[in-house]
Amino acid sequence: MISAFVAALLGVMAAQASPGPNMMAVAGAALKQGRRASLLVVSGIATGSLIWAAATAFGLGELFRRFPHLLTALMFLGGLYLLWLGVRSLLSVWRGKATAIRANVETLTPLAAWRRGLLVVLTNPKAALMWSAIATFLFGAGLPMLAVLAFGPVVAISATLIYGTYGLLFSSQLAGRFYGRFARAIEFVFGAAFGVLGTVLIVTGVRALRS
C-alpha cells in the first residue's frame, strides 16, 4: 500500500504543480489581495480535495470498474478543455492581451475566498481527470475503499503546501512586478503547456479506444 501511495502522490504533486485553474485562482487572489486571501483560496482547494477523495472512494472506483470507457471519455473532455485554454492563452498573446493570471477585481471576504477555492477544484476538469486516474491506479493496485479514502488528507496536505507556495510567491511585490513586465511571455508558456497536456490526453484517449 505504501508504494502505491507514494507513486500516486508523485503523480498528484506533478499535476498540482503544473499550471491549471487551481493555480490561477490562487495567483489571482494573491496578486490582487495578498497572502491572506490566497491562502484562504488554498484552504478551499484542500477542502475540495477531501470531497474528491470521498467521491472517489465511494463512487468513482466502482463506476470505472463497471464502465471503463468513462475514463477514456474523460481523457477526451479534459484534453479538449486544456486545448481550449491553450488556444485562448496563445490568442491573447497574439492580440497583446495577457489574461492567464488575472488579478481579481472584486474584494473577497474570507468565506468568499474559501468558497472560490472549493468551487474551482470541484468544477476543475483537471481535478476530475486526476482523481479518475487515482481511482484507477489505487483500486487497480488492490487497495480497499478505506485506503483510497485515506489518500484524501494526503492530497489535501500536498495541495496546501504546493498552492500555498504559489500564493506566497505571487503575493510578493517582486512577483507582481515580474508578472507585469513579462506577462506575455508567461502567457505564452502557459498556453503552450496547456496545449501539450491537452494533446497528450487526447492521443492517450485515441490509443485507449484502439486497444
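Can you pull out every residue in the stretch 20-46 that is assigned to a loop (DSSP other than H, G, I, E, B) and buried (at least 23 other Cβ atoms within 10 Å of the Cβ)?
Here is the first cut: in the stretch 20-46, the residues assigned to a loop (DSSP other than H, G, I, E, B) are 20, 34.
Answer for the stretch 20-46, where residues must be assigned to a loop (DSSP other than H, G, I, E, B) and buried (at least 23 other Cβ atoms within 10 Å of the Cβ): just 20.
Hey, does the stretch 147-154 have a residue that's part of a helix (DSSP H, G or I), open to solvent by 60 Å² or more (accessible area, probe 1.4 Å) and modelled with pLDDT under 75?
Step one: filter the stretch 147-154 for residues part of a helix (DSSP H, G or I), giving 147-154.
Subset that is open to solvent by 60 Å² or more (accessible area, probe 1.4 Å): 153.
If we keep only those that are modelled with pLDDT under 75 as well, we get none.
No.
Pick from 123, 109, 99: which is modelled with pLDDT under 70 and either surrounded by fewer than 20 Cβ atoms within 10 Å (Cβ to Cβ) or of a type in the set (Gly, Ala, Ser) (or both)?
99
Can you find, within the stretch 162-185, the residue that is modelled with the highest pLDDT among those that are open to solvent by 20 Å² or more (accessible area, probe 1.4 Å) and either aromatic (Phe, Trp, Tyr) or closer than 18 Å to residue 51 by Cα (or both)?
Per the stated criteria, the residue is 166.
The values are calculated or read from the model by the stated rules, or taken from the named source; none is laboratory data. In this text, all values refer to a predicted model and were calculated from it rather than measured experimentally. Note that each Cβ is placed from the backbone with ideal geometry, even for glycine, and that neighbours are counted across all protein chains shown. The accessibility values were calculated without ligands, DNA or RNA, using every heavy atom of the protein model including side chains. Shrake-Rupley method; radii C 1.70, N 1.55, O 1.52, S 1.80 Å.
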